[in-house]
Structures are given as structure tokens and as C-alpha cells.
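Data block below; observations after.
The values are calculated or read from the model by the stated rules, or taken from the named source; none is laboratory data. Fair warning: this is a prediction, and the values are worked out from it, not measured in the lab. Please note: Cβ atoms are built from the backbone with ideal geometry, for glycine as well, and neighbour counts cover all protein chains shown.
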Ligand code: NAD
Ligand code: IPM
Ligand code: MN
């Protein structure tokens, strides 16, 4: 039998609501198998900061890093909350975790599930994965401002792209394309961001030689947003930088039937530290505490987590149960916990084969 040490960070707003459902599904799908999850809950986020003044201490980070994997809900307070000014929970907590644990692959799959009400009238068959770089780009905090607060302020936010960082994420994307439908799209803005653009382009061209079975194409990010809406079925695997990937994946969530369905994994493919799984959405202060949040994104993040841990059958069971549930959605709103319960119930439908080979 196998015990997986799981760090759980419910976070703020709807985070704890959706994480409860995700944990429910995780427990249900592994019940009676030889895998068990030993969970440690970390209370971190805006709430914790307001109570203690701490965002993420070195002790927190060390304790989290000693786990096999991390499940996170969402962190961050209501935008503009003056009590959080200067704390920057997103940078000090979420990005700190992604950077310290070297989550260089931010994996964000999109499918339009059968029966889902996509805002696209005729979306076609949509199943793609955005491989978003997770540790570089404009996210690194390389910047500053001078003459701050004056009419002559100059604020710089420098995008950092290293050959090492680009190559490792590009290699991952090629391998992902090889294991899927063999198509890789690089998304950048090489016509304007010429320094970073030529680095990305060069590395994609170089790595492509080792993957002759993968077809490569390129889109400028602005044009990519057009195709996300007009022909998302053309995509298989996309690889892009941290900021473009952030923006594209909210759009991907929207076309796939709502941000409440979009899951993600912050992956350290080398296994040198735990990978972290979380919905793409944030803490949604506008609906927090009302049980209006859709926990599906958090539940599908559990499927990504199970896959990452090598528990492919359990992952497939979760995806199948979610697919069943989505197909029967009527448009009548259900409470967060009702959706979680329905997905747990769908796990034992005849079509959702009991997970096997869990070790
Ligand atoms: P958000 O994703 O929290 O909300 C955007 C909109 O989507 C809101 O109308 C919200 O109600 C809706 N929504 C989000 N998740 C939903 C769900 N599961 N079901 C139904 N509706 C859902 O983005 P925001 O408002 O820009 O950010 C709110 C806070 O969350 C900010 O502090 C932001 O920095 C933070 N944030 C955190 C993460 C994270 O922890 N990974 C991600 C994004 C934003
Ligand atoms: C996401 C979020 C984060 C990001 C923020 C909250 C730091 O928007 O996970 O997509 O920009 O990566
Ligand atoms: Mn985002």
C-alpha cells in the first residue's frame, strides 16, 4: 500500500468551498484501494495575513515542500481591500510557491465537454493543452519605479527569458504533443518582443529537429485569441510564456463553459519538489460564502494530481464522473456541495469503472 502526503491550501474566498468538494472526490475515488492520502491543511492567504501578518514563512515553505503534492483552492482578497495593500498575497504566496518549488510547467488543459453550454455557438471538437511557462517572463519581479508617485514616474517590469528556462518548458511541450495529436503551436509576439521572441523561436526550431513527428506552427498572441474564439478545435498543444499563458487560459476557460471548469497543474517535471494543483480561477470574493461556486475546476485539478502521481485509473474515473455530471446539467443552479456530491455519486455509475491498479 502507498501513502501520499498531500499538502492542502484551501486559501481565501471560494477556495475552502471548492477544496472541500475536491477532497471529497479524492477520498471517494481512492476509498478501498491501496492508496491513501495523508492530508496536512495549511491556512494561508489573505485571511491568515490579516490575522497574523504572515504571508508565507520559511517554515511554511519547508513544511509544504516535504509533501508529495499540493492541492490549492485560491488565494487573494477582494481587489482593492486597503488592509491588503502592500501585502501582495499573490506574489508572496502563490508565485513564491511556484518559483521556490520550480513549477516550470503550468499545465492548463481545455476540453469542451459534451452537453456543456459553451458561449461559442458551434465550437466543434475542442481538446487542447496550454503549456504555460511558470517561473520566468514578466512574473519574476525584475523591475522597479523611479520618481514614484510623480507625474514623471517611470515603471519597468522586465520580462526575463533564459535559454535554460525556455528550453525545458519547450521540451516538455514537444513531449506532450508527441503523446497527443502531434501538433504544437508556439504563441508569442515575435513581431514586437523581438529579443524574447527570437529566443523562443530559436529554441522551438532547435528542439523540433528531435521531434520530427510533431508539426509546429506559430501564432502571435493577438491572433491566437481570434482562433480561440473562431476555431479552437485547431489546437492540440500550445506553448507560451507566463503572461500570455495566464491570459489565454482565462479565455480558454470562458469558451469551455466557464472558469468554474478550468483546472491546472503547476508541475515540477523533474520531481525535485512537490507539484501543485489548483483551479485556474481565483477566490471570487463576489460569490464567496454563498455556495454558488462551481467546484468542478478543483475536482478536475484532483484528476490532474492523480495523473501526476501515476494513478491514471483513478484520474480517469474522476474525469469520467465529471463528464457524466456535466452532461446532465440542466442549467438550474446547484450548490457547491451538491455538485461535489453528484460527482461522487457519478463515480459509482456503471460506466465509471472502479479504479484498479492503483499502486
Ligand atoms: P476570479 O477568478 O476570482 O473571479 C472572476 C469571476 O469569475 C468572478 O465573477 C467570479 O465570481 C467568477 N468565478 C470564479 N471562480 C468561479 C467558480 N468556481 N464558480 C463560479 N464562478 C466563478 O478573479 P478575480 O476576481 O480577478 O480575482 C479575485 C481574487 O483572486 C484576487 O485577489 C486575485 O488576485 C485572486 N486570484 C487568485 C488565483 C489563485 O489563487 N490561483 C487566481 C486568480 C485570481
Ligand atoms: C492564475 C492567477 C495568478 C497568475 C495570479 C493570482 C498570481 O491569475 O493562476 O492564473 O497570474 O498566474
Ligand atoms: Mn490567471
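Selection over region 9-48 of residues that are buried (at least 24 other Cβ atoms within 10 Å of the Cβ), within 14 Å of ligand 1 (Cβ to nearest atom) and touching a residue at least 60 places away in the same chain (Cβ under 8 Å) gives a count of 14.
Among helices (runs of 4 or more DSSP H) entirely within region 121-236, having at least 1 residues that are closer than 25 Å to residue 261 by Cβ singles out 163-179, 221-230. Does residue 277 count as under 15 Å from the mean Cα position of the chain (by Cα) and modelled with pLDDT of 95 or more? Spelling it out, residue 277 is indeed under 15 Å from the mean Cα position of the chain (by Cα) and modelled with pLDDT of 95 or more. Would you check if residue 89 is touching a helix residue (DSSP H, G or I) at 6+ places or on another chain (Cβ under 9 Å), within 22 Å of residue 253 (Cβ to Cβ) and either modelled with pLDDT of 95 or more or more than 16 Å from ligand 1 (Cβ to nearest atom) (or both)? Criteria not met by residue 89.
For region 248-273, a residue qualifies if it is assigned to a loop (DSSP other than H, G, I, E, B) and crowded, with 22+ Cβ neighbours inside 10 Å, and the qualifying residues are 256, 257, 262. Restricting attention to region 258-276, the residues that are more than 15 Å from ligand 3 (Cβ to nearest atom) and touching a residue at least 60 places away in the same chain (Cβ under 8 Å) total 8. Taking the conditions exactly as written (outside any loop (DSSP other than H, G, I, E, B), touching a strand residue (DSSP E or B) at 6+ places or on another chain (Cβ under 8 Å), crowded, with 18+ Cβ neighbours inside 10 Å and in contact (Cβ under 8 Å) with a residue 12 or more places away in the chain), does residue 245 satisfy them or not? Yes: the conditions hold for residue 245. Evaluation of residue 333 against the conditions (1) at pLDDT 95 or above; (2) in the same structural domain as residue 81 (by TED's automatic domain parsing); (3) closer than 21 Å to residue 118 by Cα shows that the sole unmet condition is (1). Of all residues in region 274-283, exactly one satisfies the criterion of being away from ligand 2 (no atom under 14 Å from the Cβ) and not in a strand (DSSP E or B), namely 274.
The residue pairs whose first member lies in region 311-324 and is assigned by TED's automatic domain parsing to the domain that holds residue 34 and in a helix (DSSP H, G or I), whose second member is surrounded by fewer than 24 Cβ atoms within 10 Å (Cβ to Cβ) and at pLDDT 95 or above, and whose beta carbons are closer than 7 Å, counting only pairs six or more residues apart or on different chains, are 314/30; 315/307; 317/347; 321/346; 321/347; 324/346.
Looking at 94, 72, just one residue is touching a residue at least 12 places away in the same chain (Cβ under 8 Å), assigned to a helix (DSSP H, G or I) and under 21 Å from residue 305 (Cβ atoms), and that residue is 94.
Within region 50-67, being in a helix (DSSP H, G or I) and exposed (fewer than 13 other Cβ atoms within 10 Å of the Cβ) holds for 51, 52, 58, 59, 62. Of all residues in region 109-124, at least one satisfies being without any contact (Cβ under 8 Å) to a residue 60 or more places away in the chain and out of contact with any strand residue (DSSP E or B) (no Cβ under 6 Å at 6 or more places or on another chain).
Run down 70, 146, 112 and say which single residue is more than 16 Å from ligand 3 (Cβ to nearest atom), touching a helix residue (DSSP H, G or I) at 6+ places or on another chain (Cβ under 9 Å) and not assigned by TED's automatic domain parsing to the domain that holds residue 322. So the residue among 70, 146, 112 that is more than 16 Å from ligand 3 (Cβ to nearest atom), touching a helix residue (DSSP H, G or I) at 6+ places or on another chain (Cβ under 9 Å) and not assigned by TED's automatic domain parsing to the domain that holds residue 322 is 112. Inclusion of residue 293 among residues that are modelled with pLDDT of 95 or more, in a helix (DSSP H, G or I) and in the same structural domain as residue 336 (by TED's automatic domain parsing) is not warranted.
In the condition set (1) within 30 Å of residue 314 (Cα to Cα); (2) surrounded by fewer than 19 Cβ atoms within 10 Å (Cβ to Cβ), residue 70 is compliant with all but (2).
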